[in-house]
Amino acid sequence: MRALLRLLLVLALSASLAACAKAPVPSHPALWSVRDARGHTGWLFGTIHSAPAPFAWRTPAVGKALDEARTIMVEVGNLRDDSAVAATFARLAKGHGEPPLSQRIDPADRAALDKLLTRTGYADTQFADVETWAAALTLARNADADADAANGVDRAILGAAGSRPVVELEGAARQLGIFDALPEREQRDLLAAVVREASAPPSTSLTESWRKGDTRALEAETRRGLLADPELREALFTRRNVAWSRTIAQAIHAGHRPFVAVGAAHMVGPDGLVARLAAMGLTVERLQ
């Protein structure tokens with residue numbers, strides 16, 4: 001699930017670690033063009049939000065699309081302002097008199113939780129003033145020690161925007177607010193998913209699928225883990241894609257030529273942005 005979060009939620013693993021000097025990894029992630037009946041154009045580019053090393057993602061096709069775009073559309077516009085994002089997280093995460101984490105999880109998962117707490121340096125009672133969703137994301141972020149948000153493609157896209165307008169599809173408060181609005185039962189399901197994933201062997205397969213533009217593998221991943229939970233899938237995936245597709249379509253029809261850079265998981269499958277925009281009558285073509 002940690003790998004899935006890298007492709008799904010730009011703020012879930014947003015803490016930036018000390019960057020290491022590593023050579024960029026050659027990448028060929030998926031890119032689509034989107035056109036309406038009048039020839040107005042936009043682009044969809046699936047990103048990864050954090051990674052253990054930087055990626056050489058700006059291929060000739062991506063570079064051409066990015067250069068021709070007039071507007072940059074991302075999930076969170078102030079992503080590079082770490083202090084502002086952290087302040088938003090702290091405000092929404094605040095709880096009061098919450099039970100120990102071990103009491104917010106199924107007894108069968110408590111041994112795995114204990115190992116995760118030891119590994120990340122937290123105590124079971126340390127989250128008394130933190131809501132369950134925020135505790136889950138905090139543990140996921142700290143368990144994913146090899147992921148550095150400084151290597152996230154979204155930040156690089158924002159850096160390449162120059163003087164062009166940056167339009168955020170969601171914003172930090174709204175994205176974190178999705179978690180904050182989850183019923184406690186679903187927040188605990190999220191915590192359980194984090195705990196179980198942390199006890200599984202590390203895997204780079206999902207990152208590799210993104211790097212190679214393997215949308216079939218990415219789509220299969222969106223059927224597992226936390227997105228296999230119907231309520232979490234609706235909140236974290238389907239509902240967001242519905243809202244975003246409308247905003248993207250409006251920008252294309254208005255001639256804004258948007259370059260849309262969002263987590264790659266949002267692009268794939270029948271509920272993904274590619275399928276939704278096509279269903280709205282736009283012509284979507286895979287370029288890379």
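Structure summary
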| item | result |
| --- | --- |
| Total residues in segment 156-189, condition more than 28 Å from Trp57 (Cα to Cα) and more than 19 Å from the chain's Cα centre (by Cα) | 4 |
| Residue among Thr132, Thr71 that alone is free of Cβ contacts under 8 Å to residues at least 60 places away in the same chain and of a type in the set (Ser, Thr, Tyr) | Thr132 |
| Selection within segment 56-84 - under 24 Å from Asn241 (Cα atoms) and either assigned to a loop (DSSP other than H, G, I, E, B) or touching a Phe, Trp or Tyr at 6+ places or on another chain (Cβ under 6 Å) (or both) | Trp57, Ala65, Leu66, Ala69, Arg70, Ile72, Glu75, Val76, Gly77, Asn78, Leu79, Arg80 |
| Residue satisfying all of: in segment 217-262; free of Cβ contacts under 8 Å to residues at least 60 places away in the same chain and polar (S, T, N, Q); surrounded by the fewest Cβ atoms within 10 Å (Cβ to Cβ) among these | Gln250 |
| Any chance Thr125 is at pLDDT below 95, touching a Pro at 6+ places or on another chain (Cβ under 6 Å), surrounded by fewer than 18 Cβ atoms within 10 Å (Cβ to Cβ) and farther than 30 Å from Met267 by Cβ | yes |
| Some residue of segment 221-229 being at pLDDT below 95 and acidic (Asp, Glu) | yes |
| Which numbered condition Ala265 misses (of (1) of a type in the set (Gly, Ala, Ser); (2) in a helix (DSSP H, G or I); (3) surrounded by fewer than 22 Cβ atoms within 10 Å (Cβ to Cβ)) | (3) |
| Residue in segment 271-281 that is buried (at least 21 other Cβ atoms within 10 Å of the Cβ), at pLDDT below 90 and not polar (S, T, N, Q) present | no |
| All positions within segment 19-47 that are touching a Pro at 6+ places or on another chain (Cβ under 8 Å), of a type outside the set (Gly, Ala, Ser) and touching a residue at least 60 places away in the same chain (Cβ under 8 Å) | Val25, Trp43, Phe45, Thr47 |
| Single match in Ala251, Ala192, Ala200, Ala278 (criterion: more than 17 Å from the chain's Cα centre (by Cα), in a loop (DSSP other than H, G, I, E, B) and not aromatic (Phe, Trp, Tyr)) | Ala200 |
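The values are calculated or read from the model by the stated rules, or taken from the named source; none is laboratory data. All values reported here derive from a predicted model rather than from experimental measurement. For neighbour counting, all protein chains shown are included, and Cβ atoms are generated from backbone atoms with ideal geometry for every residue, glycine included.
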